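The values are calculated or read from the model by the stated rules, or taken from the named source; none is laboratory data. Not measured: the values here are computed from a predicted model. In this analysis, Cβ positions are derived from the backbone assuming ideal geometry, glycine residues included, and neighbour counts consider all displayed protein chains. Protein only, heavy atoms only, side chains kept; ligands, DNA and RNA dropped before computing areas. Shrake-Rupley method; radii C 1.70, N 1.55, O 1.52, S 1.80 Å.
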Amino acid sequence: MYAQEVPAYAELLALVHDVNARVMDAHPQVRTGLALNGEAADLDVVQHGAVRVGTPGELSGLRRLFAVMGMHPVGYYDLAPAGVPVHSTAFRPIGDRGHSAPLRIFVSMLRLELIEDVPLRQRVAALLQAREVFRPRLLQLIDLAESAGGLDVDEAREFVALAQDTFRWCGEAVVGQDEYRKISQAHPVVADVACFKRPHINHLTPKTLDIDAAQQEMRVRSLQPKDLIEGPARHTPALLLRQTSFKARPESVRFTDGMGTHTARFGEIEQRGIALTSSGRALYEKLLTAVPRGAPDYSAALERAFETFPSDLKEIRQRGLAYFRYAVLPGNIGGTIDLHNASVEDLVEAAVVAAEPLTYEDFLPVSAAGIFRSNLGAGGRGQYDAIDSRNAFEAALGRPVVDADALYAATERESIEAVRRQLSVARMLEAREDCSL
Ligand code: OOG
Ligand code: NI
């Protein structure tokens, strides 16, 4: 649907596919690795999308809609300090499926209290109160899924079609052009939400194996990339998340008093790296803020700053900078190591256990704000006072957000427990063999 609505996005998909194929042709081990991890099929699948809503009712409605599909709100992102009057969460699968989640939706809700002009704020609130973004039948199906614990195949089909309609572009504004301009001046994101009848997808994001090559290729194909790739370039391993996008194009819109344009929809690309622990994240933030955003040759300076972040996975693991998944290596259990008293690190060193870093599945406020800014044009303001409204957001959502860090930590912990269980079974078997001798 989105590729049909935004033809430049279809071009972006083709571009990413070409770049990924080129990387795999040049490095056949990448192709093999992806196939082994079961990630090959995910490559050409969209990794995330984004939607913006206006009211607590809309936000909790989306929370219920995504829950039907096993997607739950993870993380709280306050974008006000970066000058965007919204706060957000990301709906994604959690638990085992979360780590190979092919799809996430980043959902932002307007913070109307940040609009200083009180009559304008009231007008925007009235526009939002007047809209009904969920069809009654969709709400019925959500009720049914909640009470019955799921939907049957026919209901699920109907649900998917109606859910999709919720995000279908409607090129019809509910205001005239003067009012649209006035609301845009408060902040373009407010106009993008409040001037329309229902929410729309504002971008989708496929995953690339080489974001620098993809950025270059966007220039070659005249897709107008934003100036900067968010996140530091690194040889190996990539950290957290790097993102870039092509800039939104003006689209024609029917205002109540005639035709005009609105600019909001675009396509984004991302490359995902390793999930950092809180100390890894602290080091990341320190290096990131060491380079001021407006600095000349920002990207090169950032790359240099990040040279002090270890690139050796062993060092990263031993310093506790990233989360890992541990697994017993088949065939290596019988060595000389004392399985009972060995630490996980000893087991890794003895090649009894393998350690794979976890991939970061979430988002970064700095990157998100950069994406917002480059696609909403001028207008708005530099910064809002940081009043943390996490409680208000969760009240609107109708539940607390899931803590992303706790998810990675649990995955790591559970993998260690599984290793311990497997090794103690191996030890018991060994002991039995000893006795029978
Ligand atoms: C959401 C921007 C955040 C990302 O990838 O960080 C985001 C938006 O533009 O509505 O999608
Ligand atoms: Ni995005």
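If you place +1 on the Cβ of every Lys and Arg and -1 on the Cβ of every Asp and Glu, how big does the dipole about the Cα centre of the stretch 177-276 come out, in debye to the nearest 20? Before the final figure, lay out the partial values.
Numbers: 15 positive and 12 negative charges, 28 e Å.
Using only the charged Cβ atoms, the result is roughly 140 debye.
Quote to one decimal, in nm, the extra length available between residue 314 and residue 220 on full extension: 0.36 nm per residue of separation minus the C-alpha distance between them. Could you put the intermediate results ahead of the total?
Values: separation 94, 0.36 × 94 = 33.84 nm, distance 3.84 nm.
Stretched out fully, the residue 314 to residue 220 stretch lengthens by 30.0 nm.
Treat every Asp and Glu Cβ in the chain as -1 and every Lys and Arg Cβ as +1, leave all other atoms uncharged, and give the resulting dipole magnitude about the Cα centre to the nearest 20 debye.
1000
What length, rounded to one decimal in nm, is gained on full extension from residue 338 through to residue 429, with 0.36 nm per residue of separation minus their alpha-carbon distance? All intermediate terms of the calculation are to be shown ahead of the outcome.
Details: separation 91, 0.36 × 91 = 32.76 nm, distance 1.46 nm.
Value of the extension gain: 31.3 nm.
With each label point set 7 Å from Cα along the Cα-Cβ vector, what nm distance links residue 178 and residue 417?
Distance between label points: 6.5 nm.
Could you tell me how many degrees, from 0 to 90 and to the nearest 10, lie between the Cα long axis of helix 404-436 and the main elongation axis, the longest principal axis, of the Cα atoms of the chain?
20
Ignoring ligands, DNA and RNA, what percent of the accessible area of the stretch 149-285 is carbon or sulfur (1.4 Å)? Each step should come with its number before you reach the end.
Values: 2630 of 5360 Å².
Whole-percent figure for carbon plus sulfur exposure: 49.
Relative to the longest principal Cα axis of the chain, at what angle does helix 365-375 sit, 0 to 90 degrees, rounded to 10?
So the helix axis and the longest Cα principal axis differ by about 40 degrees.
When the helices in the chain are scored as -39500 (n - 2.57) per DSSP H run of 4 or longer and the sum is shared across all residues, what 222 nm value do you end up with, to the nearest 500 deg cm²/dmol? Can you show the working numbers first?
Numbers: 17 runs with 197 residues, N = 437.
Theoretical 222 nm ellipticity from helices: -14000 deg cm²/dmol.
Return one whole number: the accessible area per residue of the stretch 1-151 in Å², for a 1.4 Å probe. All intermediate terms of the calculation are to be shown ahead of the outcome.
Values: 6460 Å² over 151 residues.
In whole numbers, the stretch 1-151 has 43 Å² accessible per residue.
Hey, what did the chain get for relative contact order, percent, Cα under 8 Å, at least 6 apart? Numbers along the way, then the final one.
Numbers: 695 pairs, mean separation 89.1, N = 437.
Computed over the chain, the figure is 20 percent.
Compute the angle between helix 211-220 and the longest alpha-carbon principal axis of the chain, please, reported from 0 to 90 degrees and rounded to the nearest 10.
Tilt of helix 211-220: around 40 degrees.
Taking +1 at the Cβ of each Lys and Arg and -1 at the Cβ of each Asp and Glu, which of 94, 8, 109 sits farthest along the dipole of the stretch 1-147 towards its positive end, judged by Cα position relative to the Cα centre?
With unit charges placed on the Cβ atoms, the residue in question is 109.
Could you tell me the relative contact order of the stretch 165-231? Use alpha-carbon pairs under 8 Å, at least six residues apart, and round to a whole percent. Before the final figure, lay out each step's value.
Working: 42 pairs, mean separation 21.1, N = 67.
So the answer I get is 31 percent.
Sorted by average packing, counted as other Cβ atoms within 10 angstrom per residue and highest first, what order do 124-134, 63-73 take?
Highest-to-lowest ranking by the protection proxy: 63-73, 124-134.
Relative to the present Cα-Cα distance, how much length would full extension add between residue 118 and residue 329 at 0.36 nm per residue of separation?
Values: separation 211, 0.36 × 211 = 75.96 nm, distance 6.35 nm.
Full-extension gain reported as 69.6 nm.
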